1. Can you work out ³J(HN,Hα) from phi for every residue in the stretch 267-281, in order, using Karplus 6.51 cos²θ - 1.76 cosθ + 1.60 and θ = phi - 60°, giving whole Hz and x for Gly and Pro?
2. Calculate one ³J(HN,Hα) per residue across the stretch 102-112 by plugging θ = phi - 60° into the Karplus curve 6.51 cos²θ - 1.76 cosθ + 1.60, and present them in order as whole Hz with x for glycine and proline.
3. Indicate the gyration tensor shape class of the stretch 250-313 (rounded, prolate or oblate), computed on the Cα atoms with a ≥ b ≥ c the square roots of the eigenvalues: a/c under 1.5 is rounded; otherwise a/b larger than b/c is prolate and the rest oblate.
4. Residues with amide H under 5 Å of Ala211's amide H, sequence separation 5 or more or different chain, H placed in the peptide plane at 1.01 Å from N; which?
5. Can you list residues from other chains, or at least 5 along the same chain, whose modelled amide H is less than 5 Å from the amide H of Gly216?
6. Mind scanning Lys206/Lys263; Lys235/Lys322; Lys215/Lys322; Lys79/Lys215 and naming the pairs with a C-alpha gap bigger than 28 Å?
7. Within the stretch 82-96, name every residue whose backbone N is under 19 Å away from a label modeled 7 Å from Cα of Glu243 along the Cβ vector.
8. Whole Å is fine, so just give me how far the alpha carbon centre of the stretch 374-404 lies from that of the stretch 229-250.
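Bear in mind these aren't lab numbers, they're just calculated from the coordinates by the rules spelled out. Just so we're clear, the structure is a prediction, and the values are computed from it rather than from any experiment. Note that each Cβ is placed from the backbone with ideal geometry, even for glycine, and that neighbours are counted across all protein chains shown.
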Amino acid sequence: FNSELWRRMRYSWLVLGAIRPQVEAFVAFRHRFGRVASAARSIFAMANQHDDESHVLIAGAGIIGVSTAYYLQKNHNVKAITLIDPTGSIASAASGKAGGFLALDWNDYGPTGQLTRRSFALHRELADDLSASDIQYRRLTCAAVSVDPYRKGVSRPKGKKLESVEWAGNDGNTAVLGMRPLGDESTIAQVHPKKLCERMWQEICKNVPQATLVKGRVTGAVHSGNAEGKLLGAKLSDGTIVEGDALLFACGPWTADIVTGIKYHSVVVPTRSVLSQCVFFSGCGDPEVYVRPDSTAYCTGFPEAERRVTERPGEESIDETKVTTILESVKDACGQNSDEGTPTSPALQTENPMIQQSCYLPSTPDGVPAIGAIPECGTGCFIAAGHGCWGILLGPATGESMAELLMTGAGTEHVNLSPFRPSRFGSFKLVP
């Protein structure tokens, strides 16, 4: 079975077990000290409420930061929003280099299940509001396809066994051993991440009187007196202070010392026609292929070990051997390197790569995003990071929830944010 697919689908079960002790401790605390906890939470919520005249600062211009800004203007009519990003551009890191694969129900049995379903619905709304063609949003199908181009003496499946395979098993591809449907148009969709982020930012700039994108790296929050005083703004690495009333840290793997990164390489290649089935191959190194409506395919796989990220946003190095490995694995999976002959008209034109890139997927110690207020870092400070391989999928609902939390001190009716509370990690350092 495809290792990356298995990792994605086991995600909910693993993280549910990881946070169980914290959940049980929290329940016991509420049972004994429920009234005190409720009162304390209400006081804290009041301290973190803002109105539409507030100036919200967001460190990070990726999918989480931009989504938060989008819903601040859409749902709360906020009049001043400043995005602060080291590159001075929108979606320069993983949010601009991801595949944009969306699945409705793959996280149903984990702590992100509710967040996932809400976000899947919001992606549809965004497509309606921003133009599906502009952000390359569409519904499509997905399949797991088992392949082995070098296995001798095994006849290729015929008839119904491959009738649901759109392209991976056609054109004389003798590598295919079998397939399993993973979803249809009711549960699978896709979007072009960078186009989505840029289009949301355009809408923000149109509707927010003071919408600003600042090039800089936030090093911390500035408060009057001490951290318990009023937030004055964000301090940048060059000493500049950007004034604001609330500060969200959403910098992916550069957010805090509890967030690490898993480096992925990806290659975009032309396709001979517009295809509409994403494929998780099992075998040949388990590459993933996300076909797009512009006659291209996003190919990825072979993640590196999780680590503390030292490369700067937008400056991620590209390992040519990783690129070659991805391309060769896709060619193997498609039967293009088979001893029994190359497909006469391969669906993927792997000989002509259009884009080669790399990025880091942010991860927390328990695999669950950190979303919420961080009072230990001072009044008016918040965090939203660590969404792993589902960052693009979870972005809109995270942004909607953060916008509500920033403005009202509470989350939305759609998503319970308690599984994501940053306090479960104890103390941590922002912007390492």
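1. Result, ordered by residue: 9, 9, 10, x, 10, 6, 7, 6, 9, 9, 9, 7, 10, 9, 7 Hz.
2. Listing the rounded values in order: 10, 10, 5, 10, 6, 10, 4, 9, x, x, 9 Hz.
3. On the way: a/c = 3.21, a/b = 2.01, b/c = 1.59.
Verdict is prolate for the stretch 250-313.
4. Here the answer is Ile81, since their amide H atoms fall under 5 Å of that of Ala211.
5. Correct list: Asp85, Thr87, Gly88.
6. Working: Lys206/Lys263 35 Å; Lys235/Lys322 38 Å; Lys215/Lys322 31 Å; Lys79/Lys215 20 Å.
Listed pairs above 28 Å: Lys206/Lys263; Lys235/Lys322; Lys215/Lys322.
7. Under cut-off, by backbone N: 82-84.
8. Between the Cα centre of the stretch 374-404 and that of the stretch 229-250, the gap is 17 Å.
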